[in-house]
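Read through the structure below, which is laid out as structure tokens, and then see the notes.
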Amino acid sequence: MTAFIQYLFNGLMLGCLYALIAVGYTMVYGIIELINFAFGELFMFGAYISIMMMVSKITLFGHEVSMPGLNFFLAVPIAMAIVAILGVVIERLAYRPLRNAPRLAALISAIGVSILLQNVAQAIFGSKQVSFPTISLFTTAEGQAKSFQIGGAIITWLQVFVVGVTIVAMVALNLYVSRTKMGRAMRASAQDKRTSALMGVNVNRVIAITFLIGSAMGALGGALYGSVYHFAAPQMGFSPGLKAFIAAVLGGIGNIPGAFLGGILLGIIESFGAAYVSSRYQSAFAFIVLILLLCFKPSGLLGSTVSQKA
Amino acid sequence: MKRTIWILALCAVLVVAGAALAACSGDASGDTTTTAAATGTTAAGETTSSTAAAAAGAPFKFGLAGPMTGQYANYGTSHKQGAEIAVAELNAAGGVNGGQASFAIGDDLGDAKQAVLVAQQFIDDKDIVFVDGHQFSGATIAAAAKYEVAGLPMISPSATNPDITALGKFIWRICMTDAVQGKGLADYTVNDLKLKNVAIMYDDSDYGRGLADAYEAEIKAVGGTVAGKEQYTAGDSEFKAQLTKIKAGNPELIFLSGYYPEGSKIVAQAKELGITAQFLGSDGYASDELAKLGGAAVEGMLVSTFFDYSKADDAVQKFVTAFKAKFGINPDWFAANSYDVVMLAAQAAKNAGKNDRTAINDAITKLAEYKGISGAIKFDANGDVIKPLSIVMVKDGALVTAPTQPSVQ
């Protein structure tokens, strides 16, 4: 039982991290039907920029540079803002010129951006992993993570924080999309871009805002991932990015609660799979789930958007 | 029309950004090349003024092969830095057989396909008399076939796959195989640390698996028990599922077979789960980066290494001092072994009396024992090395000689 609770909570936290990236995939796909592979890299920049803001000195381009040394809770919003702007710039330069081109062209552009960003990160921060500073609120004086026990399972406060932040972010996002004017414009653009434009919706602006929000969420995910696993590396976004994409498909791509559900489910499936089947196939479970889903329920658990679009 | 302008503007931005990036990375590598060249010139200047004959000899030029860019670039960088120290030392002493020491860099990305291309370049450069590399086993196996046919001696500082030296008489290495290390570490665990109930966590690569299997077999052979054996894939960051299973077996020691980027996270997560067992890491953990990434969690962890930079030995400390002065960090074993490869080849060339591929290879065959900074190096009939194992411990963020050393060498 102890082990079961442990696996469940580990999976829940991992799932929350997937969900934060998945939400970007799902929103962007909902509106412009583009799989923005660069979200994994924006996730990575979220972690790096948080570190940059938190340390007092960092090596950039092989030169040591002084940094502000901010608190985690101040550094992460700054990282989210910077990455959000980066996301919008990417949309403007790499995707908008291809808006009316065949979908394959935009997809190839997305893969290109992803590779470019990875290499840029390696040029700036170097190929070695960088350590993520510990957050004093979640760390004891001896440098250990603060934790508590439930039925013998050990859960750290940082994990609880990750789950809490994700739930708050998801609820806020869902309210934004369902209650505000911009949210309505997003839903309208997702249904039919041309008609929305005729009704006076500035579709380009809607798309830019979608990238802004998706990128900020990705950056938040990256910062939390970095703080949980204590590192940042140029390739760190690749695998979570791929898993998040699966989570988005699992929940029904284009659907925000679906992305959250898909992320959590995927995290828990991975954790239980590694524990009760074999750790050898930990990463394979995500893909097995994807294949089964595509065979039996291609629109995803909560999704109907895909069939509407098709 | 407007669209065309946009696309042109985009291209322009990309070109500028690309050029800026190229300039930046160019600067970085340019720096090291210039430093190496500058050291070379100064040394050359000194030697020509003192001994006119020095310039007359054939150059002592070698190929340095390893991953210099990409995700494994940190290993290649250590490798190159170790060789730079060796070259500076050789040139300061007047070169080898009157020839200047220098090297050409081949970037194999740690990849077998790329390694073959690098091998061909080195073979075609007639000035190159031996190869310091390659680093990864896969790349080494692919390239070794080429070197053997061309008769260019290759000494790998770090490729541990057992099959490598069977590839030919021009193929050497100065690191022990995974099988030898695994057995040695198991003996150390049971006989010296007196810990009998162990668990194993390994990276599912040829290296990680081979080492873990050898360790497991020997633990059982000497009367220990293996309470759990779990694996992970390089690049993973979530290990709690495996660790929760391992925790249930209540091991006294957990052997980690793999590399430090994952390892620092494994140990940190184990501590979060309340695991108090002693950790023992394979040679892939022997880097100051382990302590940097792992922080407080890795304090007290034992690590197997081929090079102990805190060892009280004149040759070792001379190298460490020179290395720290030049690069500002402690050398890891990749750097130390690369240094040893160059110095060993230089010794062989001096014994042969000329800087020539076949002559150097013959001289290596005849070397009875070479005392390197990574320990005394002897080759067996295969070209495999016989050399002692050292254990270091993480203490205050650095690797220091562990209190308990392996008793049987």
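The values are calculated or read from the model by the stated rules, or taken from the named source; none is laboratory data. These figures come from a predicted structure and were not determined experimentally. Glycine also receives a Cβ, built like all others from the backbone with ideal geometry; neighbour counts cover every protein chain displayed.
Summed over segment B:301-351, residues that are more than 16 Å from the chain's Cα centre (by Cα), hydrophobic (A, V, I, L, M, F, W, C) and part of a loop (DSSP other than H, G, I, E, B) total 2.
In summary, helices (runs of 4 or more DSSP H) completely within segment A:207-310 and bearing 2 or more residues that are more than 21 Å from A:SER178 (Cβ to Cβ) occur at A:238-251, A:256-272, A:282-296. Note on segment B:134-157: residues that are within 19 Å of B:ASN382 (Cβ to Cβ), surrounded by 23 or more Cβ atoms within 10 Å (Cβ to Cβ) and touching a strand residue (DSSP E or B) at 6+ places or on another chain (Cβ under 8 Å) total 11.
With respect to A:VAL203, is the statement that it is more than 14 Å from chain B (Cβ to nearest Cβ), in contact (Cβ under 8 Å) with a residue 12 or more places away in the chain and among the β-branched types (Val, Ile, Thr) true?
Working: more than 14 Å from chain B (Cβ to nearest Cβ): yes; in contact (Cβ under 8 Å) with a residue 12 or more places away in the chain: yes; among the β-branched types (Val, Ile, Thr): yes.
Yes, satisfied.
Against the conditions (1) within 15 Å of the chain's Cα centre (by Cα); (2) within 14 Å of chain B (Cβ to nearest Cβ); (3) over 24 Å from B:GLY263 (Cα atoms), A:PHE287 satisfies every one except (1). Looking across segment A:134-148 at every residue that is in contact with a Gly (Cβ under 9 Å, 6 or more places away or on another chain) and either at pLDDT 90 or above or farther than 23 Å from A:PHE45 by Cα (or both), the one that is nearest to the other protein chains (Cβ to nearest Cβ) is identified as A:GLY143.
Considering segment B:247-258 alone, what residues qualify as being within 11 Å of another protein chain (Cβ to nearest Cβ) and surrounded by 24 or more Cβ atoms within 10 Å (Cβ to Cβ)? Residue satisfying the conditions is B:LYS247 alone. Taken together, the residues in segment B:303-321 that are within 23 Å of B:GLN135 (Cα to Cα) and touching a residue at least 60 places away in the same chain (Cβ under 8 Å) amount to 8.
The residue list A:VAL55, A:VAL89, A:VAL65 contains one member that is over 25 Å from B:GLY328 (Cα atoms) and β-branched (Val, Ile, Thr), which is A:VAL89.
At least 1 residues that are among the aliphatic types (A, V, I, L, M) and surrounded by fewer than 21 Cβ atoms within 10 Å (Cβ to Cβ) in each: list the strands (runs of 3 or more DSSP E) lying fully within segment B:169-241 that qualify. Lay out the reasoning, then the answer.
Working: elements: B:171-173, B:197-203, B:225-232.
Where strands (runs of 3 or more DSSP E) fall fully within segment B:169-241 and carry at least 1 residues being among the aliphatic types (A, V, I, L, M) and surrounded by fewer than 21 Cβ atoms within 10 Å (Cβ to Cβ), they are B:225-232.
Condition check ((1) surrounded by fewer than 24 Cβ atoms within 10 Å (Cβ to Cβ); (2) more than 12 Å from every other protein chain (Cβ to nearest Cβ)) across all residues:
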site	(1), (2)
B:VAL267	no, no
B:LYS271	yes, no
B:ILE275	yes, no
B:GLU289	yes, no
B:GLU299	yes, no
B:SER304	no, yes
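Of the residues screened, B:LEU280 is not one that is touching a residue at least 60 places away in the same chain (Cβ under 8 Å) and within 11 Å of chain A (Cβ to nearest Cβ).
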